[in-house]
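Notes follow once the structure below has been shown.
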Amino acid sequence: MNRHAWRDHAACIGSGDAMFPDQDKTRTEWARQICAGCPVSRECLRDAINTGDNQWGIRAGLTPEERRSVKKEINRRLRQADLARQAA
Ligand code: SF4
């Protein structure tokens, strides 16, 4: 299966620039609502984290800053797991 096949099920298909609300709070909340009803939000977030898409737009209901925080937390936990493995 195409590894991007999940995109065919994205709730934001046809939403135009709605997923790029810049700093506008009302438009950001609208984009978050679109993501809230999306059946592929997990795949979307995983893709955003894996590809480093953390500069623009809303993905999986998260702003770029929020996605960067998620990525930092994942990296922090991976480092902890590495240290725990080395200490074992
Ligand atoms: S989670 Fe949001 S940005 Fe990602 S595919 Fe779904 S609607 Fe689009």
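Close contacts from the range 21-38, counting a first residue that is part of a helix (DSSP H, G or I) and a second that is surrounded by fewer than 16 Cβ atoms within 10 Å (Cβ to Cβ) and modelled with pLDDT of 95 or more, with Cβ to Cβ under 7 Å and a gap of 6+ residues or different chains, come to W30/A18; A31/A18; I34/S15; I34/A18.
Look at (1) within 14 Å of the ligand (Cβ to nearest atom); (2) at pLDDT 95 or above and you find that E65 fails only one, number (1).
In the range 39-88, the residue that is surrounded by the fewest Cβ atoms within 10 Å (Cβ to Cβ) out of those that are outside any loop (DSSP other than H, G, I, E, B) and small (G, A, S) is A87.
Quick grid of which residues meet (1) among the hydrophobic types (A, V, I, L, M, F, W, C); (2) under 13 Å from the mean Cα position of the chain (by Cα); (3) within 12 Å of the ligand (Cβ to nearest atom):
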position	(1), (2), (3)
W6	yes, no, yes
M19	yes, yes, yes
K25	no, no, no
R32	no, yes, yes
S41	no, yes, yes
N54	no, yes, no
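The values are calculated or read from the model by the stated rules, or taken from the named source; none is laboratory data. Only a predicted model underlies this, so the values are computations on that prediction, with no experimental measurement involved. Note: ideal-geometry Cβ built from the backbone for every residue, glycine included; neighbour counts use all protein chains shown.
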